[in-house]
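Laboratory data are not the source of any read-out in this text; all were calculated from the coordinates shown. Model, not experiment: these values are computed from the prediction. For neighbour counting, all protein chains shown are included, and Cβ atoms are generated from backbone atoms with ideal geometry for every residue, glycine included.
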Amino acid sequence: MKSSMNIKTSQKGFTLIELVVVIVILGILAVTAAPKFIDLTGDAKASVIKAVEGSLNSAADMAHAKALVAGTEVGPLSIAGANITFVNGYPDKESINLLMDIDVSSSDAVFTFTEAATATSATYSYKGVTTPTTCVATYNESTAKNTKPVINSNTDEC
């Protein structure tokens, strides 16, 4: 009988240490290379613009409810210590910024608030995008009694 100690076995495959080293190297490559190929900042900016659009809707609806209770359709009404001017039962383009309470004046501000000079609209545009008009939330004043303002967003190139 032959002893099992004398039989040479041929080993095929990788050792556990070799497999762990390869997995670690692949993990390091994935962590360093993936962010260069996957840029999610545009999606994040678009989500923030959509959130501002939702906040504009909420602010306009809550101010409208307050105006209905107070019986104010046109003119000023004090809300949270600020004089909000109403047009057709909804805040005007200047007052919506007071209700939103988004800091647009500091150098760290993420948004720029712009009121159209002749039109009845105001926009929040995201700073730092190549084309500011393609990453905005827009508030258009109410055009008739108790008609909701047109609030929309454009996130084409955020």
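Taking the Cβ-Cβ separation of THR130 and LYS12 as r and a Förster radius of 41 Å, what is the calculated FRET efficiency to the nearest 0.05? That pair, THR130 with LYS12, gives E of 0.15.
Here the sum of -39500 (n - 2.57) over DSSP H runs of 4 or more residues, divided by the residues of the chain, equals -13000 deg cm²/dmol at 222 nm, to the nearest 500.
Among the listed pairs LYS45/LYS66; LYS93/LYS148; LYS93/LYS145, those whose Cα-Cα separation exceeds 24 Å are LYS45/LYS66.
Translational D (Stokes-Einstein, µm²/s) of region 32-80 at 20 °C and 1.002 mPa s when Rh comes from the Kirkwood sum over C-alpha pairs? Spell out each step's value before the answer.
Working: Rh = 13.9 Å.
The Stokes-Einstein estimate is 155 µm²/s.
Stretched out straight at 0.36 nm per residue, the stretch from VAL150 to VAL21 would grow longer than its current Cα-Cα span by 40.6 nm.
Our estimate of slack between ASP61 and LEU40, defined as 0.36 nm per intervening residue step minus the Cα-Cα distance, is 4.4 nm.
For the pair THR143 and THR118, the difference between a 0.36 nm per residue extended length and the Cα-Cα distance amounts to 7.5 nm. All Cα-Cα separations within the chain were binned at 10 Å from zero, giving a P(r) of 10, 28, 20, 11, 7, 7, 6, 5, 3, 3, 1, each value a whole percent of the pairs.
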